[in-house]
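Enquirer: Have a look at the structure that comes next, please.
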């Protein structure tokens, strides 16, 4: 017997949950691979701290270094990982190109908000279906009537 779960792969189940939308909201579908890569990058505590600081606004490497008490080369390494997955944008100073400014990629942030907003939407929680346990409504044949 094939259950409902057997007909979907784990990725399909997660994809369906992330693409859940209430009737009145229709965000774009979520790319699971992109989301997973972004979450892996943000799972590193120093990168999450850097991203959090960038949520306060545009910053240069030295400003991040002062706030985090980290070496500039280490900050650059973490910023490059954040840039690879599209979470952070970079801009060189127009007057002196040695200065580099980092900011949160707003489109990527919107995608994360849409994905998690849909995934953690309390409207998804449905009342318990009585399909098992003592309160279950089971349509099993009555074995006592058949003489067995």
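Enquirer: Looking only at the stretch 49-69, count how many residues are surrounded by fewer than 14 Cβ atoms within 10 Å (Cβ to Cβ) and in a helix (DSSP H, G or I).
Expert: Total meeting the criteria: 3.
Enquirer: Considering 72, 127, 45, 141, which residue is at pLDDT below 80 and either farther than 22 Å from residue 31 by Cβ or surrounded by 14 or more Cβ atoms within 10 Å (Cβ to Cβ) (or both)? Quick ask: steps written out before the conclusion?
Expert: Values: 72 fails: at pLDDT below 80; 127 fails: at pLDDT below 80; 45 fails: at pLDDT below 80.
Only one candidate passes the filter, namely 141.
Enquirer: Against the conditions (1) out of contact with any strand residue (DSSP E or B) (no Cβ under 6 Å at 6 or more places or on another chain); (2) modelled with pLDDT of 85 or more, where does residue 11 fall short? Just the number, please.
Expert: (2)
Enquirer: Being part of a helix (DSSP H, G or I), touching a residue at least 60 places away in the same chain (Cβ under 8 Å), surrounded by 11 or more Cβ atoms within 10 Å (Cβ to Cβ) and under 17 Å from the mean Cα position of the chain (by Cα) narrows it down to one of 39, 35, so name that one. Break it down stepwise before answering.
Expert: Numbers: 39 fails: touching a residue at least 60 places away in the same chain (Cβ under 8 Å).
Step by step, each of 39, 35 is checked, and only 35 is part of a helix (DSSP H, G or I), touching a residue at least 60 places away in the same chain (Cβ under 8 Å), surrounded by 11 or more Cβ atoms within 10 Å (Cβ to Cβ) and under 17 Å from the mean Cα position of the chain (by Cα).
Enquirer: Right, next: Residue 25 versus (1) part of a loop (DSSP other than H, G, I, E, B); (2) at pLDDT 90 or above; (3) touching a helix residue (DSSP H, G or I) at 6+ places or on another chain (Cβ under 9 Å): which is the lone unmet condition?
Expert: (2)
Enquirer: Only one of 79, 74, 64 is touching a strand residue (DSSP E or B) at 6+ places or on another chain (Cβ under 7 Å), within 15 Å of residue 48 (Cβ to Cβ) and free of Cβ contacts under 8 Å to residues at least 60 places away in the same chain; which?
Expert: Details: 74 fails: touching a strand residue (DSSP E or B) at 6+ places or on another chain (Cβ under 7 Å); 64 fails: touching a strand residue (DSSP E or B) at 6+ places or on another chain (Cβ under 7 Å).
Being touching a strand residue (DSSP E or B) at 6+ places or on another chain (Cβ under 7 Å), within 15 Å of residue 48 (Cβ to Cβ) and free of Cβ contacts under 8 Å to residues at least 60 places away in the same chain holds for just one of 79, 74, 64, which is 79.
Enquirer: Also: I'd like to check something: does the stretch 84-99 contain any residue that is part of a helix (DSSP H, G or I) and in contact with a helix residue (DSSP H, G or I) (Cβ under 9 Å, 6 or more places away or on another chain)?
Expert: First pass over the stretch 84-99, keeping only residues part of a helix (DSSP H, G or I): 84.
Filter again for in contact with a helix residue (DSSP H, G or I) (Cβ under 9 Å, 6 or more places away or on another chain), leaving 84.
Scanning the stretch 84-99 turns up at least one residue that is part of a helix (DSSP H, G or I) and in contact with a helix residue (DSSP H, G or I) (Cβ under 9 Å, 6 or more places away or on another chain).
The values are calculated or read from the model by the stated rules, or taken from the named source; none is laboratory data. As the structure is a prediction and not an experimental result, all values here were calculated from the model. Virtual Cβ from ideal backbone geometry, glycine too; neighbours counted across all protein chains shown.
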